[in-house]
1. Determine the sum of side-chain charges near Leu255: Lys and Arg each +1, Asp and Glu each -1, restricted to other residues whose C-beta is under 9 angstrom from that of Leu255.
2. Please tell me the relative contact order of the chain in percent, rounded to the nearest whole number, where contacts are Cα pairs under 8 Å and at least six residues apart.
3. Among Glu340, Glu149, what's the order by accessible area (1.4 angstrom probe), most exposed first?
4. Taking Lys103 as the anchor, which lysines have their alpha carbon closer than 18 Å to its alpha carbon, excluding any fewer than eight residues away along the same chain?
5. With a 1.4 Å probe and all protein chains left in place, how much accessible area per residue does region 41-186 have, in Å²?
6. Accessible surface of Thr59 in the full protein assembly, 1.4 angstrom probe, to the nearest 10 Å²?
7. Based on DSSP H runs of at least 4 residues, each adding -39500 (n - 2.57), what is the mean residue ellipticity at 222 nm of the chain after dividing by all its residues, to the nearest 500 deg cm²/dmol?
8. Angle check, please: helix 146-160 long axis (alpha carbons) against the longest principal axis of the chain (alpha carbons), in degrees 0 to 90, nearest 10.
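The values are calculated or read from the model by the stated rules, or taken from the named source; none is laboratory data. Computed from a predicted structure; not experimentally measured. Cβ coordinates were reconstructed from backbone atoms using ideal geometry, including for glycine residues, and neighbour counts include every protein chain displayed. We work out accessible area using only protein heavy atoms, side chains counted, and drop any ligands, DNA or RNA first. Shrake-Rupley method; radii C 1.70, N 1.55, O 1.52, S 1.80 Å.
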Amino acid sequence: VGYLGRVLVVDDEPSIRKWLCAVLQQAGHSVVESATGTEALKSAANADVALVDLVMPDTDGLKLMSALKSQNDGLIVMIMTAHSDVKTAVRAVKMGAYDYLCKPLGAEEVAATVGRAAEASALRRHVGLIRGREKLGLKNFLGESRAVEQVLRLSRKIAQSEATTILLRGESGVGKDHLARAIHFESRRADGPFQTITCTTLQETLLESELFGHERGAFTDARSQKRGLVELANGGTVYLDEIGDIPPTLQAKLLRFLEDKSFRRVGGTIDLKADVRVIAATNRDLEEAIKAGRFRKDLYYRLNVMPIRIPPLSERPEDIPILGRHFAVSFSRDFKKNVEGLSDEALRMLVHYPWPGNIRELRNVMERAVLLSTGTVIEPEDLLISAPSPEPGAVGFQLPAGGIDIEELERSMVAQALERTAWNQSAAARLLRLTRNQIRYRIKKFLLAPPARQGTR
Ligand SMILES: Nc1ncnc2c1ncn2[C@@H]1O[C@H](COP(=O)(O)OP(=O)(O)OP(=O)(O)O)[C@@H](O)[C@H]1O
Ligand SMILES: [Mg+2]
């Protein structure tokens with residue numbers, strides 16, 4: 001018996017996809033299929049091996065390969081191509097594909113190659129776990145603001161505790177996935193598996209079967225028995241992303257699982273147990289969802305025993321330089337460039353930008369900047385962020401025919417920003433892309449005062 005793995009089959013041609021799934025399931029692998037690149041990216045995190053068609057309508061196989069690998073660096077990617085295009089296949093291997101398969105495919109060849117790939121994946125994982133532990137723990141969660149220090153202190157305590165349920169909250173892109181992984185590798189479960197599932201992307205039955213597995217014949221597509229993520233993660237951690245989107249009936253089953261760690265496969269009749277820690281995450285307002293009847297209160301209380309809130313980047317601009325440099329250096333390595341850091345002017349621009357997409361956006365900006373950069377430091381013109389106006393369309397004010405008193409305009413803008421933020425000077429400064437000192441200076445200059453004080457004068 002060869003090595004068995006979780007195989008992701010990506011091909012837009014339904015008949016080939018179905019045939020591959022059948023061959024691989026027959027060989028004992030667990031298979032997920034995707035018809036598009038976008039869909040494939042959602043399943044990349046949990047796969048060991050990916051079989052990717054080189055030519056697809058929505059993406060190019062080579063691009064998809066690197067995107068998949070960036071989601072899951074242990075993933076083994078194999079390219080499928082027509083006989084006539086062996087050149088591209090060879091290029092794919094040079095770019096990091098493990099192997100390639102030529103169409104028309106033969107069942108035996110597919111089974112043998114995927115078996116070898118699954119073995120390579122198991123090996124990689126083993127080596128990666130031993131070597132990468134240090135790199136994956138909380139040390140890897142960068143930031144030196146007080147907010148991050150607090151998050152890290154709490155996370156370390158919780159990671160090393162026996163708590164089996166943790167809730168991560170924060171806006172999109174603040175680092176919930178990143179922290180969940182770090183907590184896993186900081187815990188005594190670090191040797192166990194880390195499984196992730198995004199609750200938004202799947203329909204109710206599929207989500208339940210992904211989580212808890214299914215018995216053969218439980219529903220039309222359930223041709224064989226399948227173990228769910230909680231079983232696969234036994235001894236480790238399950239990361240439930242976007243918990244706010246989980247449908248109500250499944251919420252009840254999840255609650256039961258969180259309370260006594262027991263569950264049933266879909267269509268199953270016996271209770272099973274799994275020893276896993278559940279880290280749930282959301283960027284939604286769960287309290288609002290409870291009021292609207294979309295989220296169970298009892299589940300909320302159960303999840304909220306150990307909450308960790310990661311503040312948005314705009315509340316901790318002190319972290320921007322360290323994160324910016326980190327991304328600059330690591331993309332520079334990836335792209336074989338010589339970037340070592342950022343110029344002072346570029347850093348100033350980053351610090352004043354409001355970062356609605358948080359760290360994910362900062363990462364994207366730095367990726368582009370490194371690609372565009374020609375020297376050893378990133379300059380402002382590489383950043384392509386131009387303090388965008390919050391309302392689309394409001395690009396510039398039109399100068400009225402009779403002209404304007406620019407001092408008065410500035411005074412009015414500062415006053416409005418302060419009013420809108422209830423005199424939170426940092427928040428007002430961010431709205432105007434000013435530093436705290438710059439806004440303080442203007443408050444003095446224009447003799448502005450909060451409403452309460454004005455009243456007592
Ligand atoms: N403190 C940090 N140090 C280093 N990298 C970070 C940190 N926080 C986030 N990142 C990186 O920023 C990117 C976005 O983070 P992540 O995917 O964890 O966000 P998220 O909160 O899960 O977002 P969403 O709600 O959209 O799923 C990732 O590439 C992650 O590795
Ligand atoms: Mg996430």
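1. On the way: positive: Lys253, Arg256, Arg296, Arg302; negative: Glu259, Asp298.
So the surrounding residues net to +2.
2. Working: 720 pairs, mean separation 50.0, N = 457.
Across the chain, relative contact order equals 11 percent.
3. Details: Glu340 135, Glu149 95 Å².
Per-residue accessible area, sorted high to low, gives Glu340, Glu149.
4. Lys18, Lys87
5. On the way: 7210 Å² over 146 residues.
Ligands and nucleic acids excluded, the result is 49 Å² per residue.
6. About 40 Å², ignoring ligands and nucleic acids.
7. Working: 20 runs with 216 residues, N = 457.
Rounded to the nearest 500, the figure is -14000 deg cm²/dmol.
8. Its long axis makes an angle of about 30 degrees.
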